[in-house]
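*Asks:* Following this message is one structure expressed as structure tokens.
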Amino acid sequence: MNVVITGANRGIGLAMTQQFVAAGHRVYGLCRNVSDALADSGATVIDGVDVGNPDTLPGSLSALKDVSIDLLINNAGVLANERIDEWQPNTIDYQFRVNAMGPLLVTQCLLENLQAGAKVALITSRMGSMADNGSGGYYGYRMSKAALNAAGVSMARDLAPRGVAVGLFHPGFVQTDMVGGQGDVDAATAASRLIARIEALSVETAGKFIHANGDELPW
């Protein structure tokens, strides 16, 4: 199986890369800057991929033009913490470009690589849920992940006739650099749970908002 993972240089993306390689799959690890761990993972590394830059994205993804993709995992993401009493349009805009628009554009660029039976996984967050928001704040992250969820449902509807299944997955509160090492689950555990959810994904179950533990989340 050919697996393409964005944001593969660290955290959940790196852990999924390592686990897919260990399982014998051909993995293409996409990132802006390659880490030592990704370089040593056994994946085919494609660096210089900035999912937040629409001008350079088609060119950087051209390295995959002849690759038939069985699984595309849109994992790259960024997090900032805006408050109601702060003026932070730049960080909100950047999170939209990376977290919401980036996965859509990556999928569009690689659309012809996805054959019937392929899967697209969007690594989203329950922080994009409006029903689950009990603490406020994190405006750019919450808004961008809610937008990603909206895009993911549309993608699931649009790609179903092609036989391509699209799933939206929350990894849990994972101990990564993005959250300063906080969290209640390590990246390797989160990755294995996500892989199990992705393996269970089908066109019939596409477009749902699923926790890595298997629970369906509210919008």
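None of the figures in this text is laboratory data; all of them are computed from the coordinates on show. Remember, it's a predicted structure, so these values are computed and weren't measured experimentally. Positions of Cβ are backbone-derived with ideal geometry, glycine not excepted, and every protein chain shown enters the neighbour counts.
*Asks:* Listed residues Gly102, Gly77; which is crowded, with 18+ Cβ neighbours inside 10 Å and part of a helix (DSSP H, G or I)?
*Replies:* Gly102
*Asks:* Also, quick follow-up: Report yes if some residue within region 7-28 is assigned to a loop (DSSP other than H, G, I, E, B), under 16 Å from Val106 (Cβ atoms), among the small types (Gly, Ala, Ser) and in contact with a Cys (Cβ under 7 Å, 6 or more places away or on another chain); otherwise report no.
*Replies:* Within region 7-28, one or more residues are assigned to a loop (DSSP other than H, G, I, E, B), under 16 Å from Val106 (Cβ atoms), among the small types (Gly, Ala, Ser) and in contact with a Cys (Cβ under 7 Å, 6 or more places away or on another chain).
*Asks:* Same structure again: Please work out if Ala206 is closer than 28 Å to Leu110 by Cα, in contact with a strand residue (DSSP E or B) (Cβ under 6 Å, 6 or more places away or on another chain) and touching a residue at least 60 places away in the same chain (Cβ under 8 Å).
*Replies:* It is false that Ala206 is closer than 28 Å to Leu110 by Cα, in contact with a strand residue (DSSP E or B) (Cβ under 6 Å, 6 or more places away or on another chain) and touching a residue at least 60 places away in the same chain (Cβ under 8 Å).
*Asks:* Would it be correct to say that Glu82 is surrounded by 18 or more Cβ atoms within 10 Å (Cβ to Cβ) and among the charged types (D, E, K, R)?
*Replies:* Yes, satisfied.
*Asks:* Looking at Ala190, Ala160, Ala196, which one is assigned to a helix (DSSP H, G or I), surrounded by 21 or more Cβ atoms within 10 Å (Cβ to Cβ) and of a type outside the set (Asp, Glu)?
*Replies:* Ala190
*Asks:* Is it true that some residue in region 16-37 is touching a residue at least 40 places away in the same chain (Cβ under 8 Å) and in contact with a Lys or Arg (Cβ under 7 Å, 6 or more places away or on another chain)?
*Replies:* no
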